[in-house]
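For reference, the structure is listed below as structure tokens.
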Amino acid sequence: MEKNIFSLAKIFLITTILWSLSAWSDDTQPPFCAQLIQLKKSPRFDHLSYPIETARFYNQRCKVSESIAWLDQNGTLTPDAAELLNAIDNSYHEGLNPNRYHRDEISESIEQLKKGEYDASDAISSPLFWLDILLSDAYITLAKDLNEGVSKYDELRETKRARNEKFEWDRPQIEPISYPEYLAEYLKLHRISRSLSSLLPDYEEYYALRDALHIYRTAEAKETGHQKGSGKTNGSTSQKIIQKLLINLDRFRWLPRGIEKNGSYIDVNIPSYTLRVLDHGYETLRMKTIVGRGARPTPILYSTISHAILNPSWTAPKTIVRKDILESKNISAFLLSHDIRVYEHVRGELYEIDPTQIDWSQYSGKKQIPYTFKTDAGETNPLGKVKFLFPNSHFVYLHGTNTPALFKKSGRALSSGCIRLSAPQKLYDYLMDRWGNPDDKLPDTREEPDTSVALQKKLPIFLRYMTISAENSNTVTIYDDIYGYDEAHWAILEKKGVKIK
């Protein structure tokens, strides 16, 4: 278990020692703000995690105060600093590395002050000034990591693309924060601890994963001790689980806040092949899903369901036309076996034509083709009796299916990107009971096709990619990394210092 360097007892000891220092009140010590320009020119400043944001914090602070932020006029660490040091240490329990927030450097600066190993007249090397700067940069870095994640979207995208792998993941919708202003505001209010805890993901599952992390790290520490005693050094199951927990905790930081607190939302977790409806964090509906196969992954995104289409017809998307229809050995036979009709565009109108009368060989290798392929509403329609629409740039949606036997499979990455539901009528009834017109019932296949039914309230929907879940802190379930995101994600986290132990 990680050592608690900045325990409250040690903070009290440190502040007591610093109380006796006279450097801050010494007339030979140049004022901090008068030396800020020179401090910012130092190579040491450039090596901060976020030098631009840290500089902006001090630029604004020096307009209203000559004092540094985390020590008082006697050179004593303030209660705000004590809260920050505790938060840095506790970041370990959030799956982060406290040394990413200058813990060792801060400790070293404090030791310098304790021993008096500094030149009080040299502002550029003053441990007082650098201690304050390190604390400010540490706060900004920790706040960013809690609010946005240690791994960044662009890093994951570029890692996948560098490997020539599919990356179907929309940019996270994180509420922007000006961290220098955020720090200044909560320093003024003396609520440093609260300001950081309020940035944590506000999902019940995040806290279950965090508790599981503590359980498995404790188990790993015992297992490692046993292995050392027996001479065994093999990687443990606990380590593999911990790695999954660390990855998925960071993914939760990519999610928008306030969704769970504000009511109901739909959660489609791609690796678990499951759709759930949650109301303030409590599950009210669950069903199996079929998601996109590896070559045509279901995208990870956040949107809102706006309406349902009853008795839908189906128009083949470009990917299916190019990859399935045009690459089939006998196109006419393929179309007939799937009840797909072919339409030609004439002066803005669609006219059905006989597929056996088309010379399909002329379109071999083509990316575009002057025909539309459709299946009528009915029993053979691949969308089933209902589909649910939500705005997205990938043109994916939820829908029923005409092949329900596929839900018996354990691995269900079988679609071309859209999500097939095992119980679409249950979802429709639930949505209509809560947010629709009670008179809108699911029609049979003889009724009008493509009937649109709007929801009175748009319901948030997540298409997420979580490869571990925790029903409670002692029980976790691991899912296959069907799109290979975990390996790329862990490489980024590990490079930034996130550790299993």
* Do you know which residues across the stretch 363-413 are more than 17 Å from residue 288 (Cβ to Cβ), small (Gly, Ala, Ser) and over 32 Å from the mean Cα position of the chain (by Cα)? -> 364, 365, 377, 378
* Test residue 198 against the stated conditions and say whether it is surrounded by fewer than 16 Cβ atoms within 10 Å (Cβ to Cβ), modelled with pLDDT of 95 or more and not basic (Lys, Arg). => yes
* Asked: Does residue 303 satisfy being surrounded by 15 or more Cβ atoms within 10 Å (Cβ to Cβ) and of a type in the set (Gly, Ala, Ser)?
  -> yes
* Among the residues of the stretch 154-172, is any of a type in the set (A, V, I, L, M, F, W, C), over 30 Å from residue 483 (Cα atoms) and touching a residue at least 40 places away in the same chain (Cβ under 8 Å)? -> no
* Out of 285, 249, sole residue that is among the hydrophobic types (A, V, I, L, M, F, W, C), touching a residue at least 40 places away in the same chain (Cβ under 8 Å) and more than 25 Å from residue 425 (Cα to Cα) -> 249
* Mind checking which strands (runs of 3 or more DSSP E) fall wholly inside the stretch 251-300 and carry at least 3 residues that are surrounded by fewer than 18 Cβ atoms within 10 Å (Cβ to Cβ) and modelled with pLDDT of 95 or more? => 282-292
* Looking only at the stretch 204-223, and only at residues there that are of a type in the set (Ser, Thr, Tyr) and touching a helix residue (DSSP H, G or I) at 6+ places or on another chain (Cβ under 6 Å), the one that is surrounded by the most Cβ atoms within 10 Å (Cβ to Cβ) -> 216
* To do: Among the candidates 341, 347, single out the residue that is more than 30 Å from residue 266 (Cβ to Cβ) and at pLDDT 85 or above.
  => 341
* Within the stretch 454-489, track down each residue that is surrounded by fewer than 19 Cβ atoms within 10 Å (Cβ to Cβ) and either β-branched (Val, Ile, Thr) or part of a helix (DSSP H, G or I) (or both). => 475, 477, 478, 487
* Asked: surrounded by 14 or more Cβ atoms within 10 Å (Cβ to Cβ), at pLDDT 90 or above, of a type outside the set (Lys, Arg) and over 30 Å from residue 93 (Cα atoms): does that describe residue 62?
  -> yes
* Restricted to the stretch 447-473, and to residues that are within 17 Å of the chain's Cα centre (by Cα) and among the small types (Gly, Ala, Ser), which residue is modelled with the lowest pLDDT? -> 470
* To do: Please list, ordered by first then second residue, the pairs with beta carbon atoms under 7 Å, 6 or more apart or interchain, first in the stretch 310-337 and on the phi > 0 side of the Ramachandran plot, second at pLDDT 85 or above.
  => 311/377; 311/385; 311/449; 311/450; 311/451
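The values are calculated or read from the model by the stated rules, or taken from the named source; none is laboratory data. Note that the structure is predicted; figures quoted are calculated from it, not measured. Ideal geometry is used to build each Cβ from the backbone, glycine not excepted, and the neighbour counts take in all protein chains shown.
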